[in-house]
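Participant: Pasting a structure here, questions to come.
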There are 2 protein chains.
Amino acid sequence: MNYKSLFFLLMTVLTGEICLAQSNQRMAEGDFKTTATTQQGKQYPQVNSDGRVRVSISAPNALKVQLDIGGKKYDLVKDDKGVWTGESAPQDEGFHYYQLNIDGASVPDPGSLYYYGASRWGSGIEIPAKDQDFYALKSVPHGELRENYYFSKTSNSVRHAYIYTPPGYDKNNAQRYPVLYLQHGMGENETGWGNQGYTARIMDNLIADGKAVPFIIVMENSSVNFGGGPRSPRPDAAPGQAVPPAANANAPRGPMGGMNITGQFERILLDDLIPFVESNYRVIPDQAHRAMAGLSMGGMQTRAIVIANPDKFSYVGMFSSGTFTPSEIKDIDAFKKNVKVVFMSFGGREGGSARIGAAAEEWNKVGIKGISYVSPETAHEWQSWRRSLHEFAPLIFKN
Amino acid sequence: MNYKSLFFLLMTVLTGEICLAQSNQRMAEGDFKTTATTQQGKQYPQVNSDGRVRVSISAPNALKVQLDIGGKKYDLVKDDKGVWTGESAPQDEGFHYYQLNIDGASVPDPGSLYYYGASRWGSGIEIPAKDQDFYALKSVPHGELRENYYFSKTSNSVRHAYIYTPPGYDKNNAQRYPVLYLQHGMGENETGWGNQGYTARIMDNLIADGKAVPFIIVMENSSVNFGGGPRSPRPDAAPGQAVPPAANANAPRGPMGGMNITGQFERILLDDLIPFVESNYRVIPDQAHRAMAGLSMGGMQTRAIVIANPDKFSYVGMFSSGTFTPSEIKDIDAFKKNVKVVFMSFGGREGGSARIGAAAEEWNKVGIKGISYVSPETAHEWQSWRRSLHEFAPLIFKN
């Protein structure tokens, strides 16, 4: 091959690649479509294969309209009919909260579905992920997501919980099931795991594939009466009775400053919620068949509650919640008789992801299965937590 | 008593009444507070004892902000911090959809909870009603609202239904229950009765008071594939197979012009949903223990389905859905062997309310219990339908 031929070959390849790149870009620009979080019948919001979010809203008299997502505001452009349209930069795969800003007013996008997070009901957007199949709605046997009201003596009020029962729960009247208590993060509530977390779909699909044993999942609101008081009142304290701080002086405090990480939730969980579940559902009411996990604040609460109550849960999951090591357990010999798995995860874009591998090793060294998992290319967001549940669920209740 | 004394007495009474009226008005102006549909932690929207709705939103650069409720737009007023605030005229007791308008953009109020109706997820506001106790959340035994996915052969897709099970359903394994199929209105979906309809609370309270027998309620989306085609394809038609109009030429058509009032829903209900419920819940699977009711379009669908399938349901409820008379039934002697109650209701502000009393009488004359109910001072809205369910539920499954 002479230089001239080589030159032409090189040019052909380069031109081809440039054309291909241009074509990919054109395709990405052109392939915007509605997504799982777009209201049925609405044309926007849309997402393209780059992960860009496109919104559009009629606001004929507005001076400025912006899309506010991922901590950045993107200016929309007005057409001659008064409709404003525009796109964000590419977003990570998975689920993100967002809002619109119209002349300084932050409002939900009228085209999106609404989710609770960031301490408000508001817009959410789903960027289709390469691994979305694990939470796709399939024609497999389906469990149920059940809305429950129950009376809590601790809070002296009727409280609200969602309970996932696995496929066949109502037909297998002789079978009793293990239970996972699964907590949301700060600024979220008991609806998060069932809505944007896709808990039921993840479990239905894992069970259909034979990858997880059927178990019940209980989702309650753990943002209850935080404060600087004692970590948990004595179980024998009457409602409203003051409890001296000394009562739980040796209980660990969470990593959130001086804040009481579990608030009133520890007592609600142990004294009201677990008894409610165990007397109203066909569960196996012992430590070996009880797990607790949570994301972010919910994982910190999980750790604090497990440390303070080492005889309650056998499986521990912390999703984007820091690390947990055997050194935090007083009586490790007693602990390892009953606790089978400590699972820690982070999104790959989170700082904590570097530390959980070593922490998991520490658990393995003392004879408790330690597992770490890093969700590729996700941050402190729901795609990390969906994947964490998908990794955690197959590990539990198999002994 | 002389004239002078009488004059003074009269003046005192009149002045007192004027003062009282002024005081009431001042109190109403001053007693705005958040309501059941305000997001937890948000200060607005608020409602006062006159039923006025007050909204408030920060929109420092907006030129005009309005509250859009009950078919009217109310201008808000901007303060020196850029916060816009204003009130509506008094609204009827109960639940209303609404939105904000910011420089021409119609958006949900970021302070409200969101409901599906008027063909969109958006803001709703609850005006506390004098009779709100019947749907209050109380410390009584609670049923469950269960989210179900099931496969429909008719639509060849996985479909979504909410199913209310009464208190004790899971504990009374030997008991089987009757079932009410309960439909939403046009522009609404399967979430309406469970959310703004307060179905679970209404039933929990009625059952706790011994006023209704425990039964299951199934809520599915009946807005399926409307069109001008035959009212219902033959049950033996393969999916996608064309069905000649003659197949159901004698089937009645709904009152909505040439529109196919039941769409694909009749076949989904009869061929997929009822079989799913009867094989997955402990129900009594016969006509005597099956009821159907609906609001607005859902009541029209109920009538059309009952007329076309007189052997399926024993109790019929039409809430704000027109009238139903024995003349619409081909074989009234066969019909009255199996159908026990025909219930028709309207809001008092709706035109139809004048006609249902006579229609109910016609049913009584042929030997079927006809009941009419008019909801005081409500229109074509959810307070009429909550009250209708509350009236209808005690009448059914008691034979």
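Participant: Could you list, in sequence order, the residues of region A:322-344 that are within 27 Å of residue A:285 (Cα to Cα) and touching a strand residue (DSSP E or B) at 6+ places or on another chain (Cβ under 8 Å)?
Facilitator: Passing the criteria: A:324, A:339, A:340, A:341, A:342, A:343, A:344.
Participant: Among (1) facing chain B (nearest Cβ under 7 Å); (2) open to solvent by 60 Å² or more (accessible area, probe 1.4 Å), there is one condition residue A:103 misses while meeting the rest; what is its number?
Facilitator: Of (1) facing chain B (nearest Cβ under 7 Å); (2) open to solvent by 60 Å² or more (accessible area, probe 1.4 Å), only one is false for residue A:103: (2).
Participant: Can you name the residue in region A:137-184 that is more than 23 Å from residue A:306 (Cα to Cα), more than 10 Å from chain B (Cβ to nearest Cβ) and touching a residue at least 60 places away in the same chain (Cβ under 8 Å) and, of all such residues, is most open to solvent (accessible area, probe 1.4 Å)?
Facilitator: Result: A:176.
Participant: So which residues in region A:112-128 are under 10 Å from residue A:99 (Cβ atoms), of a type in the set (Gly, Ala, Ser) and either open to solvent by 10 Å² or more (accessible area, probe 1.4 Å) or without any contact (Cβ under 8 Å) to a residue 12 or more places away in the chain (or both)?
Facilitator: Across region A:112-128, the qualifying residue is only A:118.
Participant: Is at least one residue of region B:285-306 acidic (Asp, Glu) and closer than 30 Å to residue A:142 by Cβ?
Facilitator: yes
Participant: Could I ask something else about it? When the residues of region B:38-53 are filtered to those that are in a loop (DSSP other than H, G, I, E, B) and within 11 Å of another protein chain (Cβ to nearest Cβ), which remaining residue is most open to solvent (accessible area, probe 1.4 Å)?
Facilitator: B:40
Participant: Identify all residues within region A:138-156 that are of a type outside the set (S, T, N, Q) and in contact with a His (Cβ under 8 Å, 6 or more places away or on another chain); write none if there are none.
Facilitator: Hits for region A:138-156 are A:147, A:149, A:150.
Participant: For region B:68-107: of the residues being closer than 20 Å to residue B:197 by Cα and without any contact (Cβ under 8 Å) to a residue 60 or more places away in the chain, which is nearest to the chain's Cα centre (by Cα)?
Facilitator: Filtering first and then ranking leaves B:97.
Participant: Please enumerate the residues belonging to region A:111-132 that are part of a strand (DSSP E or B) and within 13 Å of chain B (Cβ to nearest Cβ).
Facilitator: Answer for region A:111-132, where residues must be part of a strand (DSSP E or B) and within 13 Å of chain B (Cβ to nearest Cβ): A:112, A:114, A:115, A:116, A:117, A:120, A:121, A:122, A:123, A:124.
Participant: Something else now. Which condition does residue B:278 not pass, out of (1) within 14 Å of chain A (Cβ to nearest Cβ); (2) buried (at least 17 other Cβ atoms within 10 Å of the Cβ), if it passes all the others?
Facilitator: (2)
Participant: Among the candidates A:220, A:328, A:266, A:278, which residue alone is modelled with pLDDT of 95 or more, touching an Asp or Glu at 6+ places or on another chain (Cβ under 9 Å) and charged (D, E, K, R)?
Facilitator: Only one candidate passes the filter, namely A:220.
Participant: State whether the residues of region B:389-397 include one that is touching a residue at least 40 places away in the same chain (Cβ under 8 Å), touching a strand residue (DSSP E or B) at 6+ places or on another chain (Cβ under 8 Å) and at positive phi.
Facilitator: Yes: region B:389-397 contains one or more residues that are touching a residue at least 40 places away in the same chain (Cβ under 8 Å), touching a strand residue (DSSP E or B) at 6+ places or on another chain (Cβ under 8 Å) and at positive phi.
Participant: If I ask for residues that are facing chain B (nearest Cβ under 10 Å) and either over 15 Å from the mean Cα position of the chain (by Cα) or more than 19 Å from residue A:263 (Cα to Cα) (or both), which ones from region A:185-204 would you list?
Facilitator: Passing the criteria: A:194, A:200, A:201, A:204.
Results for (1) surrounded by fewer than 20 Cβ atoms within 10 Å (Cβ to Cβ); (2) in a loop (DSSP other than H, G, I, E, B); (3) at the interface with chain B (Cβ under 7 Å from one of its Cβ atoms), shown as yes or no for each residue.
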{"residue": "A:55", "(1), (2), (3)": "no, no, no"}
{"residue": "A:67", "(1), (2), (3)": "no, no, no"}
{"residue": "A:80", "(1), (2), (3)": "yes, yes, no"}
{"residue": "A:85", "(1), (2), (3)": "yes, no, no"}
{"residue": "A:99", "(1), (2), (3)": "no, no, no"}
{"residue": "A:109", "(1), (2), (3)": "no, yes, no"}
{"residue": "A:134", "(1), (2), (3)": "yes, no, no"}
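Participant: For region B:323-346, what are the residues that are free of Cβ contacts under 8 Å to residues at least 40 places away in the same chain, within 21 Å of residue B:397 (Cα to Cα) and of a type in the set (Lys, Arg)?
Facilitator: B:336, B:337, listed by residue number.
The values are calculated or read from the model by the stated rules, or taken from the named source; none is laboratory data. No experiment lies behind these values; they were computed from the predicted model shown. Positions of Cβ are generated from backbone atoms using ideal geometry, with glycine treated the same way; all protein chains shown enter the neighbour counts. Just the protein is used for accessible areas: all its heavy atoms, side chains included, with ligands, DNA and RNA removed. Shrake-Rupley method; radii C 1.70, N 1.55, O 1.52, S 1.80 Å.
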